[in-house]
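Computed from the coordinates by the stated procedures, all read-outs in this text should not be read as laboratory data. Computed from a predicted model, the values in this text were never measured in an experiment. Here the Cβ positions follow ideal geometry from the backbone for every residue, glycine too, while neighbour counts run over all protein chains shown.
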2 protein chains.
Amino acid sequence: MFYTIGEMAQRLNVAPSTLRYYDKEGLLPFVERSSGGIRMFKDEDMEWLRMLGCLKKAGMPLKEIRSFMELSRQGDATINRRLELIEKQRQSVLEQQRQLKETLLMLDYKRWYYQTAQAAGTCAVHETMPLDQVPEQFRPLMAEWEAEK
Amino acid sequence: MFYTIGEMAQRLNVAPSTLRYYDKEGLLPFVERSSGGIRMFKDEDMEWLRMLGCLKKAGMPLKEIRSFMELSRQGDATINRRLELIEKQRQSVLEQQRQLKETLLMLDYKRWYYQTAQAAGTCAVHETMPLDQVPEQFRPLMAEWEAEK
DNA sequence: TCTTGACTTACAGTTGGCTTTAAGTTGTAT
DNA sequence: ATACAACTTAAAGCCAACTGTAAGTCAAGA
């Protein structure tokens, strides 16, 4: 069973032009063509496209994804190098998670800040607020800011 | 105590040109100038730059950050709208966390896949692997892939 | 006063990841 | 056989977020 680029694009919820672009950039070395030159996607291509989507969501640049696809096409001899790439990207995702957690704490602080300001009708309330009225979760954050000054 | 753009850039670990770009885009309405036109950063500007960094890490585009800075300059009348912006961005971060968690599971699966293939010397080991040898954590993932076919 | 390094602006260039356009081809339905 | 939608390529365009260049100005030390 084959799919045209339009059908595959719909299935993946991307624009056909995006798939053409990926193909041009060498990210889809597995795609076959009809005698007339039309791309014919197979069901098993989904596995590659899923991999591509995963690496993209992990923040891997298209160039590196292309390297990965090239290594894959070279077969079992490149298993080690593919594993290394995966582990590197895994570390990157763990780092992103750490970073997002920090960012969320900051946003939670700002949310509290503006909720409090809203209740008081003015941001000035924070100039006179004693430290022990700041929720505990935000104290390490504020200590850090002091250090940065 | 004042800092030049170079000193501030070093302190923030960004290029001076980046700060100039931000200023040009209206993200730094708080920066004062010397009589000769040199930017003079103050210690209290750090608070704004921290806010900027936080919003940026949260994935907010520079245009929106600019709106936020403009609202801030308008004082207490805009507390509500700033709170709304913060809450919107907080939701976005929660969604990014959800997404990253999913991505990590995928990468963990691929890591296991290549570790197993490495031990066997070939990816072919996965064609004959019975489902009950796949670690449990990855089963929901594989079920999803089946459904997508 | 003069040198020197860091600053200033305006503007062009770069990178990454698409998206659009134009001109032409394929393949299915009538 | 013909029409028509969906495909093809090459090339240009677009957007965000910088980054680099050129020409000139500022300010601190010898």
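Key figures for this structure:
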| item | result |
| --- | --- |
| Subset of the range A:46-63 that is more than 10 Å from chain B (Cβ to nearest Cβ) and surrounded by fewer than 16 Cβ atoms within 10 Å (Cβ to Cβ) - its residue that is farthest from DNA strand D (Cβ to nearest atom) | A:K63 |
| Options B:D76, B:D132, B:D108: the member that is closer than 24 Å to A:Y109 by Cα and free of Cβ contacts under 8 Å to residues at least 60 places away in the same chain | B:D76 |
| Those residues of the range A:29-65 which are among the aliphatic types (A, V, I, L, M) and over 22 Å from A:K88 (Cα atoms), in sequence order | A:V31, A:I38, A:M40, A:M46 |
| All positions within the range B:1-60 that are outside any helix (DSSP H, G or I) and of a type in the set (S, T, N, Q) | B:T4, B:N13, B:S34, B:S35 |
| Given (1) within 30 Å of B:Q115 (Cα to Cα); (2) surrounded by fewer than 13 Cβ atoms within 10 Å (Cβ to Cβ), index of the condition A:Q137 fails | (1) |
| Test: residue in the range A:101-108 that is assigned to a helix (DSSP H, G or I), at the interface with chain B (Cβ under 10 Å from one of its Cβ atoms) and over 21 Å from B:Q97 (Cβ atoms) | no |
| When residues of the range B:121-149 are limited to those that are within 9 Å of chain A (Cβ to nearest Cβ) and in a helix (DSSP H, G or I), the one nearest to A:L83 (Cα to Cα) | B:C123 |
| Enumeration of residues in the range B:21-45 that are crowded, with 18+ Cβ neighbours inside 10 Å and within 14 Å of chain A (Cβ to nearest Cβ) | B:F41, B:D45 |
| Test result for B:R82, surrounded by fewer than 18 Cβ atoms within 10 Å (Cβ to Cβ) and either within 14 Å of another protein chain (Cβ to nearest Cβ) or of a type in the set (D, E, K, R) (or both) | no |
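Residue-wise test of (1) more than 12 Å from DNA strand C (Cβ to nearest atom); (2) closer than 26 Å to B:K101 by Cβ; (3) basic (K, R).
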{"position": "A:R11", "(1), (2), (3)": "yes, yes, yes"}
{"position": "A:V14", "(1), (2), (3)": "no, yes, no"}
{"position": "A:S17", "(1), (2), (3)": "no, no, no"}
{"position": "A:K24", "(1), (2), (3)": "no, no, yes"}
{"position": "A:L28", "(1), (2), (3)": "yes, no, no"}
{"position": "A:S35", "(1), (2), (3)": "no, no, no"}
{"position": "A:R39", "(1), (2), (3)": "no, no, yes"}
{"position": "A:R50", "(1), (2), (3)": "yes, yes, yes"}
{"position": "A:A58", "(1), (2), (3)": "no, yes, no"}
